[in-house]
Amino acid sequence: TVSGAMAYLNDGWIEWHGGECPVAPDTRVEVKFQDGNTDNEEVAGLWFWGNANKAGDIIAYRVL
C-alpha cells in the first residue's frame with residue numbers, strides 16, 4: 001500500500017524520496033529517475049530505491 005504522505009503526480013506517478021522498496025519485489029513498475037529518464041523493463045526488486053543524490057535515483061514510480 002502507498003502511504004498517505006506520498007504525493008500522486010500526473011498519470012498515476014507516485015513521488016518518491018528514497019527508502020525501502022514501496023511495493024512487493026515482483027511488482028512490475030515504471031520508474032522515473034532524477035536525470036529525467038524512465039524505465040519500465042524491470043520488477044521493483046531489481047531497483048535501488050534509496051537516495052544517493054545521483055542521477056539514477058528514483059524520484060517517482062507507478063505500478064504497471
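Details
- Residues whose amide H lies under 5 Å from that of I59, counting only those 5 or more places away or on a different chain, are K32, F33, Q34; hydrogens are built 1.01 Å from N in the peptide plane.
- Taking amide H as placed 1.01 Å from N in the peptide plane, the amide H of V29 sits under 5 Å from that of E42, A44, L64, each at least 5 places away or on another chain.
- Net charge over other residues, Cβ less than 10 angstrom from the Cβ of I59 (K, R count +1; D, E count -1): -2
- Length added when fully stretched, F33-N51, from 0.36 nm per residue minus Cα-Cα: 5.4 nm
- With the convex hull of its Cα atoms as the shape, the chain has an orientation-averaged projected area of 4.0 nm².
- Surface composition of the chain: carbon plus sulfur atoms hold 49% of the accessible area, using a 1.4 angstrom probe and ignoring ligands, DNA and RNA.
- Calculated accessible area for the chain comes out at 64 Å² per residue, all protein chains present (probe 1.4 Å; ligands, DNA, RNA ignored).
The values are calculated or read from the model by the stated rules, or taken from the named source; none is laboratory data. Since this is a predicted model, take the numbers as computed values, not measurements. No Cβ is skipped: glycine too gets one built from the backbone with ideal geometry, and neighbour counts run over all protein chains shown. Just the protein is used for accessible areas: all its heavy atoms, side chains included, with ligands, DNA and RNA removed. Shrake-Rupley method; radii C 1.70, N 1.55, O 1.52, S 1.80 Å.
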